[in-house]
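First up is the structure itself, then whatever we jot down about it.
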Amino acid sequence: MSEIPLPAAADSSSSTLLKAMAMMAGSSLCFVIMHALVAKVSQGLPPVEVAFFRNLFGFLVLFPAIARSRFTAFRTTKLHLHAVRGVLNSTSMMMFFTALAITPLAEATALSYTAPLFMTIGAVVVLGETLHARRIAALVIGFIGALVVLRPGMVPIGLGPLLVLGSTVLWAGSMIDIKILARTDSSLTIATYMTVFLMPITLVAALFVWQWPTWEQLGWLLLLGACGSAGHMLFTEAFRHADTTVLMPLDFTKLIWASAIGFLIFGQTPDLWTWLGGTVIFASATYISYREHQLARRKARAAAETASGAEMPPS
């Protein structure tokens, strides 16, 4: 699952926008490749163990960047929030990885688009944000899309889709945490502490079902961790250079990538309901992200105007 976009101080130059769009598309591909590798390796290893190795190798991939920063990536005043994110993220990851082992890739991807919907609800409860009529309508439409994918009463709802939705709820909580952390910490710091906390938590869970991986499996796990870390870094950097309205439509390519890779590697063919429901969920999530970005820009503009007025000399 990808992260939720944060308001960016976007650069409007065409070269910067193209670079940000390329990073967003690359991020989507990295995440889907990671998910496909999780499904592949989980055929021989427990998914919670795969989650541990994803974090271990993800940290090793990040380490050169941490070293280049002269370890300033560990500087934070919000260690407790990183710890909270670690608990939420590790539980969400283990649930999602287990779901990937038993759920078609495209269906899991389509349902994962519900993350911004749950994040919106969480922002109201945790951050005290206001829920207006448009956002309520978008939420309702998004959850209707989830019902289209699941079709309760028409087909049995398996454990996999339920795990995806449960992991998405926890992921949304993690994203609210990131929304607070991003005010003070860099993307490298956030990514670093994610792996630092997730490694021991997932290791403890993996020890109960541990199986020693083969050399071939270790190679796939290394690639999996590299794709996950690269995806997170590309995603975060993309939103530092371009607006939500430009980048969010590209996130839909995950469903396209997932359908193609699922067919080529696993012989999975997503049905019409997965495409229809996924499109509805994605459209709703994109609208909510767009509205949040617009509201953030209005608040920033109003604050700037207030500050400008305060600096004017009395008449």
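Laboratory data are not the source of any read-out in this text; all were calculated from the coordinates shown. For clarity, every value in this text was computed on a predicted model and none was experimentally measured. As a convention, Cβ positions derive from the backbone with ideal geometry for all residues, glycine included, and neighbour counts pool all protein chains shown.
So the values come out like this:
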item: Pairs of lysines in the chain (C-alpha under 21 Å apart; 8 or more residues apart or interchain); result: 4
item: Listed peptides 105-117, 55-67, 86-98 by packing density, highest first (mean Cβ within 10 Å); result: 105-117, 86-98, 55-67
item: Derived scalar couplings ³J(HN,Hα) [the stretch 98-104; Karplus, 6.51 cos²θ - 1.76 cosθ + 1.60; whole Hz; x for Gly, Pro]; result: 5, 5, 5, 6, 10, 10, x
item: Rounded to the nearest 20 debye, dipole of the chain from Cβ charges on Lys, Arg, Asp, Glu; result: 440 debye
item: Environment charge of residue 197, counting only residues whose C-beta is closer than 15 Å and scoring Lys/Arg +1, Asp/Glu -1; result: +1
item: Whole-Å semi-axes of the chain's equivalent ellipsoid (Cα gyration tensor); result: 32, 25, 18
item: Relative contact order (%) - criterion: Cα under 8 Å, at least six apart; region: the stretch 14-301; result: 42 percent
